[in-house]
Amino acid sequence: METCDYCKNYRETPREQEELKTLVSRVNRVKGQVEGIRSMLEENRYCGDILIQISAAESALRSLSYLILEEHLGTCVTEKIMSGDKDIIKETVELVKKLK
């Protein structure tokens, strides 16, 4: 992939169509949950019900992040380690820290 000077640090992960479809489907589900939360707020729904929906959306995002982390470990990280690039370990640890 060709990049410009501005975006020279852009990286990509090629994904199979079926995997991409699954990930996008999960994102769309989270998007629907967030839109539902907005509607609940606009309808002045009960706080407890809104909090349950927020928790469900957070859980769905966390699940998506774990899927992507698993993919990252199995592809990008593995390839970098096999090529002798040990810096990927520090980068991966920083990514895991951000998944709290």
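The values are calculated or read from the model by the stated rules, or taken from the named source; none is laboratory data. These figures come from a predicted structure and were not determined experimentally. Ideal geometry is used to build each Cβ from the backbone, glycine not excepted, and the neighbour counts take in all protein chains shown. Quick note on the areas: whole protein, heavy atoms, side chains included, nothing else; ligands and nucleic acids left out. Shrake-Rupley method; radii C 1.70, N 1.55, O 1.52, S 1.80 Å.
A few notes on this one:
- Positive-end ranking of SER59, CYS47, GLY32 along the dipole of the chain, with charges on Cβ about the Cα centre, is headed by CYS47.
- About the centre of its Cα atoms, the chain shows a dipole size close to 300 debye [charges on the beta carbon of Lys, Arg (+1) and Asp, Glu (-1) only; nearest 20 debye].
- Sites LEU20 and GLU43 - FRET efficiency at Förster radius 41 Å, r taken between beta-carbons, to 0.05: 0.75
- Under 22 Å from LYS21, Cα to Cα: lysines that are on another chain or at least 8 residues apart: LYS31
- The accessible surface of the chain, taken with every protein chain in place and a 1.4 Å probe, is 55 percent carbon and sulfur.
- Mean residue ellipticity (222 nm) of the chain, computed from DSSP H runs ≥ 4 via -39,500 (n - 2.57), nearest 500: -23000 deg cm²/dmol
- Based on protein heavy atoms only, the chain ends up with 82 Å² per residue of surface accessible to a 1.4 Å probe.
- Set of lysines with alpha-carbon distance to LYS80 below 25 Å, sequence-local pairs under 8 removed: LYS8, LYS90, LYS97, LYS98, LYS100
- Most mobile of ARG38, ARG11, ARG62 in a GNM of the chain (Cα contacts under 10 Å): ARG11
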